[in-house]
Amino acid sequence: MAETPTAIPLEKIPQHVAMIMDGNGRWALQRGLPRLAGHKAGTENLRRVIRASVEFGVKYLTIYAFSTENWGRPPEEVKGLMYILEDVIDRELNELHKEGVQLRHIGRLERLAPSLQGKVLSAIDVTKNNDRLILNIAFNYGGRDEIVQAIQRMMKDGVPPEKVTDELVSQYLYTAGVPDPDLIIRTSGELRVSNFLIWQAAYSEWYITPTFWPDFDKAEYHHALESFAQRDRRYGKVSSGELQESNA
Ligand code: IPE
Ligand code: IPE
Ligand code: MG
């Protein structure tokens, strides 16, 4: 029998979880299926993960769906991934809206087909007043690209060098106003950042699992949150417990 997961105190739930949804291709390969079947299964799983996030009390969920480097994949796969985004908006928007999910996009929209750009913008508009879960979709997103654009915009705005601070840079990123991710989950076991939120992840906690994305279920998500709840986030300092001891 499966073990009932233990409840995690709400104050130990990460406010912002980011996910590198990796391993769809290998999941399909293992089953002798085309890679796109893996992406479809991955999309089904995303739907479950969004619902679980609402249930667990996570406030911000950022998902890496298409990187600036993913344009280098075979054209049919790129086309398929574009189609999946469109299909998800068509099929899921109403339900997500009803559940109080606010959709946002991070990355560059310019390179997407105009009809897809329109759908993304209208989904953002329709859900803009929802606040149960903020869902940031990183699509055509690259961390370096984001920083380069931020620098360009700061220069265009004539920001003097001495005004460039941590806070100001954060305000020029796509994630302006969003707290940095507390926890980043990467599926399929790869030990790399792959150009995801490289500025924002400065002090994020990581959870990396060998599970392929389509198999990353609610129980394992809960396990990741349990692992997070036990971490001692020191931010370069010494732990608060130690400090109390040494003052005693
Ligand atoms: C992640 O799965 C989804 C995207 C990058 C769009 P992959 O397609 O990278 O799966 P693997 O890494 O090849 O198994
Ligand atoms: C990262 O996965 C991008 C997304 C999940 C969208 P990749 O599969 O593209 O990353 P690498 O190539 O293994 O670094
Ligand atoms: Mg991959």
Flag if Asn195 is in contact (Cβ under 8 Å) with a residue 40 or more places away in the chain and closer than 24 Å to Val101 by Cα: no
Of the criteria (1) open to solvent by 20 Å² or more (accessible area, probe 1.4 Å); (2) in contact with a strand residue (DSSP E or B) (Cβ under 6 Å, 6 or more places away or on another chain); (3) farther than 20 Å from Glu69 by Cβ, which one Leu183 fails: (1)
Residue in region 48-71 that is within 16 Å of ligand 3 (Cβ to nearest atom), among the charged types (D, E, K, R), open to solvent by 70 Å² or more (accessible area, probe 1.4 Å) and more than 23 Å from Asp215 (Cα to Cα) present: yes
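Residue-by-condition table, conditions (1) more than 12 Å from ligand 1 (Cβ to nearest atom); (2) assigned to a loop (DSSP other than H, G, I, E, B):
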{"residue": "Thr6", "(1), (2)": "yes, yes"}
{"residue": "Pro14", "(1), (2)": "yes, yes"}
{"residue": "Gly32", "(1), (2)": "yes, yes"}
{"residue": "Ala37", "(1), (2)": "no, no"}
{"residue": "Arg47", "(1), (2)": "yes, no"}
{"residue": "Ile50", "(1), (2)": "yes, no"}
{"residue": "Ser53", "(1), (2)": "yes, no"}
{"residue": "Lys79", "(1), (2)": "yes, no"}
{"residue": "Glu92", "(1), (2)": "yes, no"}
Unique match (being among the aliphatic types (A, V, I, L, M) and without any contact (Cβ under 8 Å) to a residue 60 or more places away in the chain) among Ala28, Ala41: Ala28
Within region 186-206, considering residues that are under 12 Å from Met19 (Cβ atoms) and open to solvent by less than 30 Å² (accessible area, probe 1.4 Å), the one nearest to ligand 3 (Cβ to nearest atom): Ser188
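Yes/no matrix, rows are residues, columns are (1) open to solvent by 60 Å² or more (accessible area, probe 1.4 Å); (2) at pLDDT below 95; (3) at positive phi:
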{"residue": "Gly142", "(1), (2), (3)": "no, no, no"}
{"residue": "Glu167", "(1), (2), (3)": "yes, no, no"}
{"residue": "Phe212", "(1), (2), (3)": "no, no, no"}
{"residue": "Asp217", "(1), (2), (3)": "yes, no, no"}
{"residue": "Tyr221", "(1), (2), (3)": "no, no, no"}
{"residue": "Glu242", "(1), (2), (3)": "yes, yes, no"}
Segments classed as strands (runs of 3 or more DSSP E), wholly inside region 99-199, with at least 1 members that are of a type in the set (A, V, I, L, M, F, W, C), more than 20 Å from Gln15 (Cβ to Cβ) and within 15 Å of ligand 2 (Cβ to nearest atom): 133-141
Filter result (under 18 Å from His223 (Cβ atoms) and either away from ligand 3 (no atom under 16 Å from the Cβ) or hydrophobic (A, V, I, L, M, F, W, C) (or both)) within region 20-45: Ile20, Met21
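The values are calculated or read from the model by the stated rules, or taken from the named source; none is laboratory data. Fair warning: this is a prediction, and the values are worked out from it, not measured in the lab. Cβ atoms come from the backbone with ideal geometry, glycine included; neighbour counts cover every protein chain shown. Remember, those area values only see protein heavy atoms, side chains included, never the ligands or the DNA or RNA. Shrake-Rupley method; radii C 1.70, N 1.55, O 1.52, S 1.80 Å.
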